[in-house]
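The values are calculated or read from the model by the stated rules, or taken from the named source; none is laboratory data. Everything quoted here is computed from the prediction, not taken from an experiment. Neighbour counts run over all protein chains shown; Cβ positions are idealised from the backbone, glycine included. The protein model used for the area step is the full one, side chains on, heavy atoms only, and it has no ligands, DNA or RNA in it. Shrake-Rupley method; radii C 1.70, N 1.55, O 1.52, S 1.80 Å.
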Amino acid sequence: MAEEDNQVEDQEQTTSGKKKWLIMGGAGAVLVIIVVVVVWLMMGDDQPASTPQASTAEAPASQSAEETAQVGNALYVGMPRPFVFIVPGDARERTVQISVQLMVRGEQSEELTKRHIPLIEGTLHEVLSSSTADELRTAEGKQRIRELALQQVRSALESVTGQGLVEKVLFTGLVMQ
């Protein structure tokens with residue numbers, strides 16, 4: 001009799017254990033489906049359907065090269081690694097890490113920019129490492145450094161490619177210790 005009771009209890013425990021695993025598996029599957037749907041909705045279409053696409057071939061001859069560079073999709077070229085350097089501070093030197101992305105217009109500009117990343121990295125490192133901790137603390141100082149970086153990068157690219165290519169220099173991450 002005791003043996004039968006033990007067998008019944010063991011059978012009930014295995015059945016309830018299987019039900020728990022089945023419920024947990026179902027909940028996990030539902031969670032995965034929800035995550036996939038949310039990611040799919042967030043990715044969406046990269047270009048709005050109402051945005052007209054103008055090609056540089058359609059640009060009138062009277063437009064300057066600067067205006068022609070403005071035509072096309074904004075694309076972003078990320079630097080492969082963040083810039084890490086030491087800057088002088090008020091009381092002591094500070095270590096700074098800045099992640100940078102460059103905004104360009106059109107796929108041709110993107111490809112040319114990617115081809116010259118070592119030149120761009122060297123130019124950006126010179127500009128960024130010449131800054132001070134005080135400049136990097138204020139919004140005005142960061143803006144001045146971004147503008148100087150843009151001028152220097154465009155100048156370096158013009159000397160090699162004949163085109164400035166880069167429209168904006170963006171700091172996507174800045175840590176100062």
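Structure above, values below:
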| quantity | calculated |
| --- | --- |
| Spin-label pair residue 119/residue 177, simplified geometry with 7 Å Cα→Cβ offset, distance in nm | 3.5 nm |
| Carbon/sulfur fraction of accessible area - segment 76-157, other protein chains in place, 1.4 Å, % | 46 percent |
| Mean Cβ count within 10 Å, highest first, over the residues of peptides 98-108, 112-122 | 98-108, 112-122 |
| Residue 144 paired with residue 132, simple spin-label distance in nm, labels 7 Å along Cα-to-beta-carbon | 0.9 nm |
| Efficiency of FRET from Cβ geometry, residue 90 and residue 36, R₀ 45 Å, rounded to 0.05 | 0.35 |
| Eligible lysines near residue 114 by straight Cα distance, threshold 30 Å, same-chain separation 8 or greater | 142, 168 |
| Cα pair distances in segment 85-127, grouped into 5 Å bins until the bin that holds the longest one, percent each | 5, 17, 22, 18, 13, 10, 7, 5, 2, 0 |
